[in-house]
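Worksheet: one structure, shown below.
Bear in mind that the values in this text are calculations on the coordinates, not laboratory data. Given the structure is predicted, the values throughout are model-derived calculations rather than measurements. Using ideal geometry, Cβ is built from the backbone for each residue, glycine included, and neighbour counts are taken over all protein chains shown.
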Amino acid sequence: MFLSRLKKLFRSWKPVPTPGWNLQFTEEMNSRLLAITETAHDMIATFDLRGKILYLNRAGYEFLGIRTLGEKNGYLERYMSVPTTLRLVAGLRIAQEQGYWQDESEWIKEDGTVLTTSQTVVAHQPEGAEEPYFSTIVRDITERKEIERQLWLAKQAADEANEAKSAFLARMSHEIRTPLNGIIGLTHLLQRTELSDIQRDYLRQITVSSNGLLHILNDLLDYSKLEADKLSIETVPFRLEEVLERLSRTFAVLLGAKPVDLMLRIAPGVPDVLYGDPSRLEQILLNLVNNAIKFTDEGFISLEISLVHAYESAAALRFAVADSGVGMTPQEQARLFKPFSQASEGANRSGGTGLGLVISSSLIQRMGGTRIQVDSGFGEGSTFSFQIPFGTQGNRSFLEDPLPYGLKVLVLEDGTRMRDYWLQTLVEMGCKVEAAEDWAAAEHKLNTETWDAWIVDMENGDMHGEETWETWKRSADAKGTAVYCSTTLRGRDMLMAMEEDLRPAGVLIKPTVPMQIRHALLALCERTEAADSSASREPERTSLRLNGTVLVVEDNEISRTVTARLVEEFGLVACEASSGTQARHVLESRPVQLVLMDLQMPGMDGLETTRAIHGEERFSSLPVIALTGEDIEHWRQRCLDAGMIDLLRKPVSPENLKAVLSRWLPTALSVPSPSDSLAGWPDTDALDIPLALHRLGGKTALYLQLLDRFRQEYADLPKQLRDFADSDDSSVPQRLLHSFRGAAAHLGAIPVAREALLLEEAFRKSQPTEEALGTLDARLNALIDTIDSILRQKRG
């Protein structure tokens with residue numbers, strides 16, 4: 001019966017006649033279509049508007065689990081749930097309007113088995129017929145959907161496992177960093193006491209081991225973020241020389257007593273101020289140089305930064321780390337960028353996670369750079385190089401202080417490469433320079449010519465202890481030449497322990513960076529100018545120190561003690577609290593200028609405590625700085641939302657702690673003197689003038705120049721920011737505010753810098769308010785008025 005109906009339907013089909021068309025061909029085509037339909041593996045059916053099945057192919061009978069069609073089982077609704085039936089009704093309307101409809105649906109077999117299917121419905125409207133009819137093809141995709149469901153469940157399980165792993169690593173990071181903070185901090189404090197040489201060496205090894213553990217911990221956390229694609233890259237302005245200066249301190253510790261010359265050089269033409277991620281760049285360079293130090297026992301290591309391309313607002317820089325170490329075979333090079341693998345896997349391997357190069361390579365590519373190129377041969381040393389593009393804004397920083405042209409400098413250095421490095425660096429600074437490889441040659445030059453400065457390598461081959469140094473120092477003093485010593489950390493300590501008349505004019509810690517050299521020679525020029533205008537050899541200077549009381553809130557006793565003692569080292573008063581509740585009691589009992597707040601504490605955590613403190617009107621503007629052993633970027637926004645102004649990661653280094661405290665605390669005069677360069681300066685809340693002059697080495701003329709430039713450059717900042725208030729692109733106002741905040745902080749404009757920080761975060765969240773813009777506008781106007789008043793007063 002159904003076959004006859006289908007044949008009738010096919011016969012009702014009337015194709016458009018073409019030349020050669022005949023009835024026999026039409027009958028033959030209908031027969032073929034029917035044969036295809038009957039042999040298809042998918043269910044094919046025809047039905048009317050009421051869902052009555054008019055035709056069902058063989059696969060359809062098997063699909064529904066029936067043998068024949070009758071009145072009881074001949075309607076589609078028998079094989080569908082109510083929701084599926086309703087979707088089919090809506091689909092039929094779509095098919096009538098558009099010609100077809102597709103969907104995934106559930107069908108129920110005669111025995112109750114539920115099948116997931118993909119279904120296509122086509123509408124037909126024969127000529128002269130009152131109602132349309134429909135054809136459908138239904139494919140069983142139950143197995144495929146089950147596989148998809150299992151894959152989804154597996155992905156969910158993997159994501160949950162990855163989240164659990166990340167949470168575990170973050171928690172373990174905090175738990176490990178807390179005791180590590182105590183080890184590093186107490187070691188630092190102990191090194192400042194009287195110690196024997198053996199004790200000092202033990203402490204140095206403890207420091208190296210602790211920093212090594214910290215490095216491994218950071219590598220594991222970064223690799224975890226790379227796997228989860230959560231490693232962030234930021235874009236902020238920074239000075240490349242400052243990056244190298246920070247790295248040089250770490251390199252000095254890593255080198256220890258190794259007889260290796262480490263040279264850090266920035267080639268001419270490299271912009272001084274760049275836009276990029278300085279912390280990630282430091283991480284990359286630290287990894288590469290640390291590897292070079294591990295595998296180089298003698299000889300040299302060099303880090304050279306050069307300009308590849310320069311554009312109007314961008315520059316591509318090349319970084320190359322070369323060493324004279326053991327080198328690598330091709331087989332070892334092939335393992336370099338595999339996680340948890342090292343080039344040397346034998347008994348002489350140097351430790352580490354094997355993740356440094358993997359992380360560095362990924363960071364370089366995320367920063368838009370090239371792949372790391374490796375040039376190495378076994379026993380011939382290695383060179384690792386790569387390129388990274390950075391944003392730029394002009395070629396040099398306006399805070400740069402050029403050396404007086406023609407400064408005469410003599411260098412004593414027995415290493416050929418290091419001697420060439422000194423010559424090249426000093427010539428690029430505009431000095432007239434000559435080098436000697438031994439004392440005899442240096443003595444001849446000292447006796448025959450006049451020199452402004454003499455830079456001595458204290459590890460030179462003919463330096464034989466204190467008596468030799470005394471001879472050299474007396475000879476230089478007799479000729480009026482200032483002596484600067486290039487030496488290790490241990491060498492510096494020995495020099496500073498000598499009698500005052502035997503101490504050098506300055507110490508350059510190896511590896512020296514151009515900024516360190518330039519600052520030392522600038523200080524020499526300042527002393528010379530002062531000596532020319534005064535009978536005294538060394539003019540009295542006002543010494544500045546941090547001023548105020550700092551509350552350290554930390555539940556771990558060791559970490560709390562270490563942080564408090566470090567605070568006291570900077571001339572501050574420290575008080576302690578072990579919980580949020582105790583912190584509020586301390587604030588009630590004594591005046592506090594700043595709070596260092598641990599984030600993870602039992603009971604009230606650091607965020608809750610900060611909100612509670614700022615909830616009281618009298619403490620609403622009290623600066624609170626977060627302390628955490630976890631990832632700073634993960635916590636940054638939450639801390640800012642809670643009202644904190646800065647973050648410090650444990651273990652807290654003395655340098656980082658002092659830098660952060662200096663940003664937010666006032667300074668005070670510790671040794672006032674009649675020649676005080678602060679005399680005549682106004683006492684104003686808008687500017688911390690002692691702090692600014694301290695940073696500029698007391699250069700009042702330069703300070704006035706910078707104030708004038710600041711006024712010209714940023715007077716219309718609020719107007720510029722309002723133009724971007726409704727824009728979808730918040731990167732420009734963030735960049736403007738970041739640069740403004742840095743300039744304001746350098747000039748001592750701390751209140752306006754704080755407002756800029758809050759507004760910068762508001763733009764980061766795309767939530768700048770007119771109230772916040774108005775507050776910054778008012779503070780900036782007050783600051784500009786103060787600057788105008790100072791400039792009128794000082795310029796007569």
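One table, with the values for the structure above:
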| item | result |
| --- | --- |
| Which of Val624, Val586 has the fewest Cβ neighbours within 10 Å, and the rest in rising order | Val586, Val624 |
| Computed lengthening from Asp159 to Thr120, 0.36 nm per intervening residue step minus Cα-Cα distance | 10.5 nm |
| Per residue, the convex hull volume that the Cα atoms of the stretch 246-306 enclose (Å³) | 83 |
| Extended-chain gain in nm, criterion 0.36 nm per residue less alpha-carbon gap, His519 and Gln637 | 38.8 nm |
| Nitroxide proxy distance, nm - points 7 Å out along Cα→Cβ at Thr142 and Glu467 | 10.0 |
| Segment Ser31-Lys408, extension gain: residue separation times 0.36 nm, minus the distance between their alpha carbons | 125.2 nm |
| Trypsin sites (Lys or Arg not before Pro) within the stretch 564-631, DSSP loop, no more than 14 other Cβ atoms inside 10 Å | none |
| Ranked Thr370, Thr37, Thr563, criterion: other C-beta atoms within 10 Å, fewest first | Thr370, Thr37, Thr563 |
| Proxy reagent accessibility, fewest Cβ within 10 Å first, across Ile364, Ile36, Ile94, Ile198 | Ile198, Ile36, Ile94, Ile364 |
| Long-range HN-HN contacts of Leu262 with modeled amide H, under 5 Å | Ile301 |
| Separation of the Asp723 and Lys52 label points, Cα + 7 Å toward Cβ, nm | 7.6 |
| Neighbour-limited loop hits for GluC sites (Glu not before Pro), the stretch 242-314 (at most 16 other Cβ within 10 Å; DSSP other than H, G, I, E, B) | Glu298, Glu312 |
| FRET efficiency, Glu380 to Ser620 (Cβ-Cβ, R0 60 Å, nearest 0.05) | 0.40 |
| Of the GluC sites (Glu not before Pro) in the stretch 108-149, those whose Cβ has at most 11 other Cβ within 10 Å and which sit in DSSP loop | Glu127, Glu130 |
